[in-house]
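Visitor: Encoded as structure tokens, here's the structure I'll be asking about.
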Amino acid sequence: MNIKFMAMRKIVAMFSMALVLISLGSLAVKGLKFGLDFTGGSLIEVQYSVAPQLDDVRTLLADGDYSDVTVQNFGSSTDVVVRMGNAYTPTLGDEVLSTLRNNGDVDVELMRSEYVGGQVGEELREQGGLGMLLALVIVMVYVAVRFQFKFSVASVVALAHDVIITLGIFSLFDFEFDLTVLAAILAVIGYSLNDTIVVCDRIRENFRIMRDTPPTELINDSINQTLDRTIITSMTTLFVLLVLFFYGGESIHNFSLALLIGVLIGTYSSIFVAANLLLAQNITREDLVPAPKEELEDDMP
Amino acid sequence: MLNKYPLWKYLLILLVIALGVIYALPNLYPDDPALQLSTQKSTTVVDQRTLATAEKALQDAGIELKEAEVTSAGGTLRFNSGEDQLAAKPVISAALGESYVVALNLVPTTPDWLSSIGAGPAKLGLDLRGGVHFLLEVDTPAALKQRLDVAASEMKNAMRTERIRYRSVEVSNNAVMSIRFLREADQQAALDVLEDQFPEYVYNTTDSGNEFFVDVSFTEAASAEVEAYALQQNLTTLRNRVNELGVAEPLVQRQGSNRIVVELPGVQDTAAAKRIIGATANLEFRLEAGLDANAGDVDTLTFRDGSGRTARLERDIIITGDSVSDASSSFDENGRPQVNISLDGKGGSQMARVTRTAVGRNMAVVFIEHKSRSRFVEGEDGKVTEVRRSYSERGIISLATIQTTLGNSFRITGLDSPRESSELALLLRAGALAAPIYFVEERTIGPSLGAENIRLGVLSAQIGLLVVMAFMLVYYKVFGLFANISLGLNIVLLMACMSLMSATLTLPGIAGIVLTMGMAVDANVLIFSRIREELKAGLPSQQAIHSGFNRAFTTILDANITTLLVAVILFAVGTGPVKGFAVTLSLGILTSMFTAIVVTRAQINLVYGGRKNKRLFI
């Protein structure tokens, strides 16, 4: 089996660029729908013994002294999440709970309540962004040392591509971006890098063995040789992620979603994007295999 | 011979696996819901008699007890279910009285032979166990202001002694004290005196033509010191308070320059916890002002009982709550709540000195609460920011005639409710906060959500494992079986490492383990597809195995080290549950490298090694 991946490189490049542009556009125009961790505010999750009418819950809370209340189901019809913009008071959670209980008429149990101050959220956003950049820089340095600079550019651009598209999808479809999603994105960087390194490793090896093959063909062969492994690892990872997505519970729903998207894109990018970028930088055998040393010839009598 | 490990290598692998199994084993024993009994005072101890009282009370209430034992930290009462545990808490508290602290806890059921070699289950995070997480910020500007307030009265004294006439002394909220003079000569004289006596401050002089000012502020080192002291003092106080709350395994930790994390696992009554942790109440004892007192030395305060009565009190404070060495709440002969107070040596003699000359006069107990009000202000750039203003509320609890010279133990009455008296006693025992604090983050996780999270986590781990194993078996046949055995051992080793490091397991942490399962087979996939390639290239099976492992090794190393680097960053950036994810991910990478490379190789060597060109089922 030998698929001519590099024959499609122009089309694929256009496709990737289109995705990145759409993502960046959406991020610029719509932005991300940040969760409580990043925006600050209050959230209360409760569980009813009997599924309530959300409108009734809203009416009940509208009578109270709360601002910007949103009421949503959370995973099941008996689980309800109430978010509000109220300034924090230590008793807010209990007040809301007793309002919802409606003088003990309704059986409601508090599952969790969260409050995050605005300043904390802002710091976390900064820290998260910095963490992501730091991860990219460290990866770049490591790959440059272990491989070569052109590989490091290729893998970092491929990673940025994965991150931007994953973020873009979150922005486009209004999926909530909370702290666990940030963790997922960093894990995607790790995963996708893992994939890319395997391909790059094979390309490096082949440059040493297959001396007369032109770079395009050589890279194509390398991708085909690792294709089996790329697909199998992606599949086992996707399997467990699907399990987490469906069985892991609502609180890591978006986390598994981000990983699912990221792993899919990461697999695509390690096949198409990284290799494509190597070619775009005119990678040659000399970049990897040191030129024969001159001193040896000097020693000749 | 190719593909043979020496015997010691097999033995070493077996040893590692055996250790892994032993240290992972405690995680299979579920924790018992329990009540932890302890005492705050040295005079009372938890012994067999205490346990007998408790057991009797439980018997009367019809609650079944699983086991009771005296431990080094107090006593432990184990129950069969969480409901029994919750029902038992008020019963035990009532039976043992106030001198014992009763706390909800989960106690491991690790068998003795395991705990004797240091094995124990992994710690569960708040999201799996339920509990409260607070992030508190210390109001350092308020701490600076409080310190300046104290300095202001000292400076006034110093200027009075030197007969320097000042008009007023004001301390602003941004920690600058401004002393106003009418004559430039006074300003200069004051500057000389103050600079000489109070060198830890920075002095600036300004004038507005007819008025002259000396502005006093902290030197950078002094303000840093005040802030550090405030944080340290608050940490100590919070620890005391949390201990008084009787929470098992609480966490009180500094975070950054001015924040404190408090985590209370298993706490049910979050409202009470918040009230006590955040309380900034203190007491002041003052004499009532005489009729001829100078108006400048008198404060008029209202009573806290809501009657609207007021009293004129002297500004001078005899002692504050900081001098209290012990306090307990009880009821007076009329059944009203009271707080019995013992003072430390210094406070006692101060109290005696003042009251000796004041028999027949009235003394007031003033209750102070430092509070902060937050307002949202829209700035010029349209950004809404939160502005906090701190203020103090003072109210008189009681005003009583001094009958005789007071020593170092007495009682105060006039409190609203038994709850107020017991909380006041607790706060006096635990000490006052050096600076106000406010909550910047709070997360409460109910116990049922915790149990649900565990159930979901375990379920997805089981399904995930099954799916991956089935797939590997179908795709790689016998070699798939080797990989599956390695994968199973990987999870055992991972759990053993988590338990040994007593790392905290969270829901994202479990997700990390599940993700590791998917990724851990990667190393084996890399090796196996190499072996297949080599076989296809016509290598005999032994050579194919050998070179498959060798050539895949650097790839695996590079790929895993980079992932590890990212996981470390994740650990540094993340908080709470996310940190748990980073921990399981990085440990999983390390253990999977061992199992996928070494353990899989050992199995293959055992089965195929050293024989001639056997057909490989791969």
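The values are calculated or read from the model by the stated rules, or taken from the named source; none is laboratory data. Please read all numbers here as calculations on a predicted model, not as lab measurements. Quick reminder, even Gly has a Cβ in these numbers, built from the backbone with ideal geometry, and neighbours come from all protein chains shown.
Visitor: Can you name every residue in region B:313-335 that is surrounded by 20 or more Cβ atoms within 10 Å (Cβ to Cβ) and either touching a Pro at 6+ places or on another chain (Cβ under 8 Å) or on the phi > 0 side of the Ramachandran plot (or both)?
Guide: Scanning region B:313-335 gives a single hit, B:S329.
Visitor: Of the residues that make up region B:415-437, is at least one within 14 Å of another protein chain (Cβ to nearest Cβ), touching a helix residue (DSSP H, G or I) at 6+ places or on another chain (Cβ under 8 Å) and hydrophobic (A, V, I, L, M, F, W, C)?
Guide: Yes: region B:415-437 contains one or more residues that are within 14 Å of another protein chain (Cβ to nearest Cβ), touching a helix residue (DSSP H, G or I) at 6+ places or on another chain (Cβ under 8 Å) and hydrophobic (A, V, I, L, M, F, W, C).
Visitor: Quick one: which residue in B:T600, B:T554, B:T595, B:T516 is of a type in the set (S, T, Y), part of a helix (DSSP H, G or I) and facing chain A (nearest Cβ under 8 Å)?
Guide: From the options B:T600, B:T554, B:T595, B:T516, the qualifying one is B:T554.
Visitor: On to the next question. Tell me yes or no: at least one residue of region B:198-220 is in a helix (DSSP H, G or I) and of a type outside the set (D, E).
Guide: No: zero hits.
Visitor: Does A:F175 satisfy the condition of being closer than 30 Å to A:F38 by Cα, touching a Phe, Trp or Tyr at 6+ places or on another chain (Cβ under 6 Å) and not acidic (D, E)?
Guide: So A:F175 does not fit the description; no.
Visitor: Could you list, ordered by first residue, the pairs with Cβ atoms under 7 Å in which the first is in region A:225-241 and under 16 Å from B:I531 (Cβ atoms) and more than 7 Å from chain B (Cβ to nearest Cβ) and the second is among the hydrophobic types (A, V, I, L, M, F, W, C) and assigned to a helix (DSSP H, G or I), at least 6 apart or interchain?
Guide: A:T226/A:V198; A:T226/A:V199
Visitor: Here are the criteria: (1) assigned by TED's automatic domain parsing to the domain that holds A:Y268; (2) in contact (Cβ under 8 Å) with a residue 24 or more places away in the chain. Tell me which single one A:V156 does not satisfy.
Guide: Evaluating A:V156 over (1) assigned by TED's automatic domain parsing to the domain that holds A:Y268; (2) in contact (Cβ under 8 Å) with a residue 24 or more places away in the chain leaves (2) as the failure.
Visitor: Which of the residues belonging to region B:296-324 are outside any helix (DSSP H, G or I), in contact (Cβ under 8 Å) with a residue 24 or more places away in the chain and either hydroxyl-bearing (S, T, Y) or not assigned by TED's automatic domain parsing to the domain that holds B:F410 (or both)?
Guide: Those that are outside any helix (DSSP H, G or I), in contact (Cβ under 8 Å) with a residue 24 or more places away in the chain and either hydroxyl-bearing (S, T, Y) or not assigned by TED's automatic domain parsing to the domain that holds B:F410 (or both): B:T302, B:T320.
Visitor: Ok, one more. For region B:471-507, how many residues meet the condition of being within 9 Å of chain A (Cβ to nearest Cβ) and aliphatic (A, V, I, L, M)?
Guide: 2
Visitor: Continuing with this model, one more query. For region B:163-173, check the following and say yes or no: at least one residue is under 39 Å from the mean Cα position of the chain (by Cα), among the β-branched types (V, I, T), surrounded by 15 or more Cβ atoms within 10 Å (Cβ to Cβ) and closer than 27 Å to B:E220 by Cα.
Guide: Yes, that holds for at least one residue.
Visitor: For A:G121, state whether it is buried (at least 18 other Cβ atoms within 10 Å of the Cβ), in contact with an Asp or Glu (Cβ under 8 Å, 6 or more places away or on another chain), modelled with pLDDT under 85 and part of a helix (DSSP H, G or I).
Guide: yes
Visitor: Now, a different point. From the list B:E441, B:E420, which one is in a strand (DSSP E or B) and charged (D, E, K, R)?
Guide: After applying the criteria, what remains is B:E441.
Visitor: State which residue is nearest to B:E227 (Cα to Cα) when the search covers only region B:411-435 and only residues that are modelled with pLDDT of 75 or more and loosely packed, with under 15 Cβ neighbours inside 10 Å.
Guide: Among residues in region B:411-435 that are modelled with pLDDT of 75 or more and loosely packed, with under 15 Cβ neighbours inside 10 Å, the one nearest to B:E227 (Cα to Cα) is B:R419.
Visitor: Identify all residues within region B:534-551 that are closer than 16 Å to A:T226 by Cβ, more than 56 Å from the chain's Cα centre (by Cα) and either in a helix (DSSP H, G or I) or among the charged types (D, E, K, R) (or both); write none if there are none.
Guide: Once the filter is applied, which keeps residues that are closer than 16 Å to A:T226 by Cβ, more than 56 Å from the chain's Cα centre (by Cα) and either in a helix (DSSP H, G or I) or among the charged types (D, E, K, R) (or both), region B:534-551 yields B:E534, B:K536.
Conditions tested, residue by residue: (1) more than 14 Å from chain B (Cβ to nearest Cβ); (2) surrounded by fewer than 24 Cβ atoms within 10 Å (Cβ to Cβ); (3) outside any loop (DSSP other than H, G, I, E, B); (4) among the polar types (S, T, N, Q).
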| residue | (1), (2), (3), (4) |
| --- | --- |
| A:V106 | yes, yes, no, no |
| A:G128 | no, yes, yes, no |
| A:L133 | no, yes, yes, no |
| A:A144 | no, yes, yes, no |
| A:S152 | no, yes, yes, yes |
| A:S155 | no, no, yes, yes |
| A:S171 | yes, yes, yes, yes |
| A:A184 | no, no, yes, no |
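Visitor: Could I ask something else about it? I need the full set of residues from region A:29-88 which are within 12 Å of another protein chain (Cβ to nearest Cβ), loosely packed, with under 12 Cβ neighbours inside 10 Å and closer than 21 Å to A:V116 by Cα, in order please.
Guide: Of everything in region A:29-88, just one residue is within 12 Å of another protein chain (Cβ to nearest Cβ), loosely packed, with under 12 Cβ neighbours inside 10 Å and closer than 21 Å to A:V116 by Cα, namely A:S67.
Visitor: Out of all the residues in region B:90-132, which are without any contact (Cβ under 8 Å) to a residue 24 or more places away in the chain and either touching a Cys at 6+ places or on another chain (Cβ under 9 Å) or not in a loop (DSSP other than H, G, I, E, B) (or both)?
Guide: Selection gives B:P90, B:S93, B:D112, B:W113.
Visitor: May I pose another question? If I filter region B:502-510 for residues that are among the hydrophobic types (A, V, I, L, M, F, W, C), assigned to a helix (DSSP H, G or I), under 16 Å from A:T237 (Cα atoms) and under 26 Å from the mean Cα position of the chain (by Cα), do I get at least one hit?
Guide: Scanning region B:502-510 turns up at least one residue that is among the hydrophobic types (A, V, I, L, M, F, W, C), assigned to a helix (DSSP H, G or I), under 16 Å from A:T237 (Cα atoms) and under 26 Å from the mean Cα position of the chain (by Cα).
Results for (1) in contact with a helix residue (DSSP H, G or I) (Cβ under 6 Å, 6 or more places away or on another chain); (2) within 9 Å of chain A (Cβ to nearest Cβ), shown as yes or no for each residue.
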residue	(1), (2)
B:A523	yes, no
B:L564	yes, yes
B:V583	no, no
B:L590	no, no
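Visitor: Right, next: Taking the options B:I485, B:I454, name whichever one is surrounded by fewer than 22 Cβ atoms within 10 Å (Cβ to Cβ), assigned by TED's automatic domain parsing to the domain that holds B:T595, farther than 23 Å from A:S251 by Cβ and in contact (Cβ under 8 Å) with a residue 60 or more places away in the chain.
Guide: Exactly one of B:I485, B:I454 is surrounded by fewer than 22 Cβ atoms within 10 Å (Cβ to Cβ), assigned by TED's automatic domain parsing to the domain that holds B:T595, farther than 23 Å from A:S251 by Cβ and in contact (Cβ under 8 Å) with a residue 60 or more places away in the chain, namely B:I485.
Visitor: Mind checking which residues of region B:255-297 are within 23 Å of A:Q119 (Cβ to Cβ) and modelled with pLDDT under 75?
Guide: Passing the criteria: B:T270, B:T280.
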